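Heads up, the thing below is written out as structure tokens.
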Amino acid sequence: QVQLVVPMAVVFGPGSVPGDLPRPLPFRDVQEMEISVNLRTSVTSHYEMLYRSTTGQEQAALAAATAREADAALHPLQDTTLGSLTMYVVPETSSLLPQGINVYVGKHRSALVRAGGSLAALQTRLREVAQVMSFTASSIAAALSDRVPDGQLSPDARRYLKSSLGYEITFSLLNPDPKSHTVDWDIEGAVNRYVKPVLDKLSLVANFSVDSQILYYAVLGVTPRYDKESSSFLLSAHSLPHVINPVEARLGSSAASLYPVLNFLLYVPERSHSPLYIQDKDGAPVSTNAFHSPRWGGIMVYNVEAPASPQASLPVHVDVDMARVMEVFLAQLRLLFGLSREEVPPEFLLERPGNEGLADWELDHLLWAHTVENIATVSTTLTSLAQLLDKIGNIVIKDDVASEVYRAVASVQSAVTELSLGHLHAAFQASKEAVTSSERAFFDPSLLHLLYFPDDQKFAIYIPLFLPMAVPILLSLVKIVRETRQRKKEPTKMD
């Protein structure tokens with residue numbers, strides 16, 4: 001049973017303290033919520049709340065003109081521990097929050113919350129904010145998707161990438177018509193400018209490697225439909241799944257990869273199918289002219305303007321606008337890691353993360369989900385290993401395999417303990433070590449060859465060797481037995 005403890009500081013600004021507080025500030029309170037995964041498994045969320053008043057420095061920071069300035073000024077004064085949250089309660093009449101906005105979530109691990117009058121109303125609002133900034137029932141269910149009954153999973157749960165120790169990101173430029181288009185893209189500069197800040201932030205979660213390639217004469221494999229009204233070619237939503245398989249055969253990036261590969265493809269349509277637009281299920285054009293595939297990556301169609309005169313020399317030189325392309329690919333990367341912001345209530349205002357690509361609390365959101373998923377993965381791996389060893393009676397467990405099993409069990413117990421203490425970073429590191437040890441034990445070469453060598457195969461191998469020798473021996477034994485019996489039957493001669 002896993003208990004997720006979130007340390008929360010609720011800081012009351014001047015004029016925001018509810019009149020029905022049970023006791024004078026400061027005091028502590030605990031709120032619990034149970035997230036049911038299946039009939040046997042449940043995860044308990046535990047919000048440890050410390051209610052207190054603002055300090056002089058915090059009051060000065062809350063006197064800023066805008067919520068963004070206040071968030072920047074409050075950041076050095078906060079607890080920056082991974083997984084911790086700080087809620088600053090401001091009066092209902094505060095001008096920090098715009099009209100109609102009750103909650104402002106900043107780029108770090110704090111939020112500005114408008115006082116709701118009574119303590120019960122405030123606690124309800126705080127619980128909503130805490131779930132947005134840490135974990136929700138749906139994010140835990142997505143992390144444990146292998147154990148959740150299919151009917152109870154949200155459609156997005158299968159979209160997110162499974163937890164891994166590393167990921168490989170491949171950017172591919174597809175130019176199916178190099179005779180008509182010479183395409184230049186500054187992928188190295190774009191990765192350094194747009195992707196690297198995001199991956200630096202995500203380096204705590206996993207190791208990342210990035211590479212790129214240009215593929216010529218690589219077509220989508222689906223013939224688009226020509227639309228006379230718009231004089232353009234259209235790809236409908238139902239044909240998009242058929243686009244990926246022919247393209248994936250050309251990519252070749254996942255063949256020798258140890259880790260999951262994320263593919264981001266920029267497709268420049270051939271001249272005979274240009275311009276090419278993607279339609280959604282309702283037949284409307286997709287604004288980004290891109291689509292993504294769950295746990296695989298995304299494809300963006302980049303249309304090239306036709307030359308002004310038909311006599312223009314070919315090939316046409318094309319410089320790709322990398323800012324527009326990377327904006328789409330980074331949005332798809334966030335979707336694949338489960339960092340979409342679609343579930344936020346309308347009275348919530350979330351600060352854009354800026355150049356870093358994700359806020360501090362979004363990183364925590366990812367760590368909570370991956371820690372729980374790692375614990376479940378280790379549990380499944382060790383259970384499978386135990387069942388396997390029970391079935392193969394003559395298997396030999398070497399000392400190094402046993403030590404990896406012990407290390408995995410100790411690490412996963414440590415991860416569960418650290419979670420119950422509210423130490424998210426230590427819990428995540430322990431869960432990663434547990435996954436590494438359990439995988440090493442399960443895929444150890446000394447065990448692997450015995451998986452494919454059951455008893456019936458032993459008989460199949462040894463019988464052809466021993467049978468030719470055994471037949472004459474058995475016939476000789478039968479003959480000896482027969483002669484012995486005949487001797488006993490014959491009467492002994494007496495002189």
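Observations, loosely collected:
- Residue match in region 381-396 (condition: part of a loop (DSSP other than H, G, I, E, B) and either surrounded by 13 or more Cβ atoms within 10 Å (Cβ to Cβ) or at pLDDT 90 or above (or both)): yes
- Given (1) touching a His at 6+ places or on another chain (Cβ under 8 Å); (2) open to solvent by less than 40 Å² (accessible area, probe 1.4 Å); (3) not acidic (Asp, Glu), index of the condition residue 169 fails: (1)
- Checking the stated criteria, residue 221 turns out to be more than 30 Å from residue 206 (Cα to Cα) and small (Gly, Ala, Ser).
- Take the conditions (1) open to solvent by 50 Å² or more (accessible area, probe 1.4 Å); (2) more than 19 Å from residue 289 (Cβ to Cβ); (3) touching a Ser or Thr at 6+ places or on another chain (Cβ under 8 Å); residue 186 misses just one of them, which is (3).
Here's the yes/no breakdown for (1) under 27 Å from residue 314 (Cα atoms); (2) under 25 Å from the mean Cα position of the chain (by Cα); (3) among the hydroxyl-bearing types (Ser, Thr, Tyr):
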| site | (1), (2), (3) |
| --- | --- |
| 242 | no, yes, no |
| 245 | no, yes, no |
| 260 | no, yes, no |
| 269 | yes, no, no |
| 279 | no, no, no |
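- For region 72-96, filtering for residues that are open to solvent by 10 Å² or more (accessible area, probe 1.4 Å) and either farther than 20 Å from residue 353 by Cβ or out of contact with any Ser or Thr (no Cβ under 6 Å at 6 or more places or on another chain) (or both) leaves 15.
- Leading residue by the ranking (nearest to residue 299 (Cα to Cα)) among those in region 324-345 that are in a helix (DSSP H, G or I), in contact (Cβ under 8 Å) with a residue 60 or more places away in the chain and under 12 Å from the mean Cα position of the chain (by Cα): 333
- Of the strands (runs of 3 or more DSSP E) contained entirely in region 168-263, those carrying at least 1 residues that are touching a Pro at 6+ places or on another chain (Cβ under 8 Å) fall at 181-184, 207-216, 232-235.
- Looking only at residues in region 100-114 that are open to solvent by 10 Å² or more (accessible area, probe 1.4 Å) and touching a Gly at 6+ places or on another chain (Cβ under 9 Å), the one that is farthest from residue 88 (Cα to Cα) is 107.
- The requirement of being open to solvent by 30 Å² or more (accessible area, probe 1.4 Å), modelled with pLDDT under 90 and among the hydroxyl-bearing types (Ser, Thr, Tyr) is not satisfied by residue 403.
The values are calculated or read from the model by the stated rules, or taken from the named source; none is laboratory data. Since the model is a prediction, treat every value here as computed from it, not as a measurement. Because the Cβ atoms are built from the backbone with ideal geometry, glycine has one as well, and the counts that use them run over all protein chains shown. The protein model used for the area step is the full one, side chains on, heavy atoms only, and it has no ligands, DNA or RNA in it. Shrake-Rupley method; radii C 1.70, N 1.55, O 1.52, S 1.80 Å.
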